Amino acid sequence: MNKKYTLGQIIFALTVGFLAATSVYFSSTSPDITIQRESEEAVIKQSEKLFMTTLQMPNTTQIIHPLNPDRDVGKSYIYPLDGDWQISGFYRRNQNEEWRAWLINLDNSLKLIDLRVQGLISEFDEDVLKKENVIILP
């Protein structure tokens, strides 16, 4: 048994569908979202650079961050915090090592405020241990 739709029902369905599709299209291509994404990408890249240089990590170090998520390892986040930034992730120096968490705080100009990492103190150089803005957690 075929249901017959009235002309008003058909026009209503097409109008609602068109408005929903238009709304989704314009919200996903909004310049605000694109600008925010570019800003977050720049923050994450800077945080990775600061992480590697501050801790004097070898080139073989693997890093998980919001641009390079590996959900099997754990979740990583980027969070704006009153003009500053907070980025979290995981790292390991080589394939034989387990993944360890890290959290970095950057100011508005992307300068390092502090860096917290999980690890053994014996794994880091003396220069790294002397830095006041590096906190090593067991």
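Before moving on, here are some points about what is shown:
- P(r) tail fraction, the chain - alpha-carbon pairs more than 22 Å apart, %: 52 percent
- Rounded FRET efficiency, nearest 0.05, which uses the C-beta distance separating E41 from A21 and R0 of 41 Å: 0.90
- Spatially near lysine pairs across the range 39-137, Cα under 18 Å, sequence gap of 8 or more or different chains: 5
- Helix 7-28 axis, angle to the chain major axis (alpha carbon atoms, nearest 10°): 20 degrees
- Ignoring the sites themselves, the chain has its longest run without trypsin sites (Lys or Arg not before Pro) in a DSSP loop having at most 12 other Cβ atoms within 10 Å at 5-70.
- Taking other residues whose beta carbon is less than 10 angstrom from the beta carbon of N108, and scoring Lys, Arg as +1 and Asp, Glu as -1, yields -2.
- On Cα atoms only, tilt of 31-54 relative to the major axis of the chain in degrees: 20 degrees
- The chain: most fluctuating residue of L67, L110, L19 per GNM, C-alpha cutoff 10 Å: L19
We did not get these values from a lab; they are worked out from the coordinates using the rules stated. All figures in this text were calculated on a predicted structure; none of them were measured in a lab. When we count neighbours, we look across all protein chains shown, and the Cβ atoms used for this are built from the backbone with ideal geometry, even at glycine.
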